[in-house]
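Report on the structure given below.
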Ligand SMILES: [Zn+2]
């Protein structure tokens, strides 16, 4: 399950859009639909409210995932994994291991207002190939 996802290498660019501007001005073949789609989902994410965390007791994710919120799977007092639907809208659910013995694994920090931050970044190797950070409940695309 979590093998489909790998920890990001930390090379995430925080200035959104710079890479696309560069591609466009150089006239390199850029699929305008891809560019538009990426812009749309960034805009959508900017408008929509932040993600929060729901705690699920048990060792598996619920079959019905919330559309935005993260589900923290807690079993026997340990945080096992965190799951959520891919923020790109492809409909795939993402499950990231939080247990210390598992590789790759992620850290989930929840601030005082309940907003989750995941580290390192999440990078999908197949399918939509999404690469993003979750910082204070907000998805930052790489
Ligand atoms: Zn996706």
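The values are calculated or read from the model by the stated rules, or taken from the named source; none is laboratory data. Note that the coordinates shown come from a computational prediction; the quantities given were computed from them, not determined experimentally. All Cβ positions, even for glycine, are placed from backbone atoms using ideal geometry, and neighbour counts span all protein chains on display.
Condition check: away from the ligand (no atom under 16 Å from the Cβ) and either at pLDDT 95 or above or surrounded by 17 or more Cβ atoms within 10 Å (Cβ to Cβ) (or both). Does residue 138 satisfy that?
On the way: away from the ligand (no atom under 16 Å from the Cβ): yes; either at pLDDT 95 or above or surrounded by 17 or more Cβ atoms within 10 Å (Cβ to Cβ) (or both): yes.
So residue 138 fits the description; yes.
To keep it simple, each residue is scored yes or no on (1) modelled with pLDDT under 95; (2) out of contact with any strand residue (DSSP E or B) (no Cβ under 6 Å at 6 or more places or on another chain); (3) within 20 Å of residue 8 (Cβ to Cβ).
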residue	(1), (2), (3)
44	yes, yes, no
72	no, no, no
75	yes, yes, no
84	no, no, yes
119	no, no, yes
123	no, no, yes
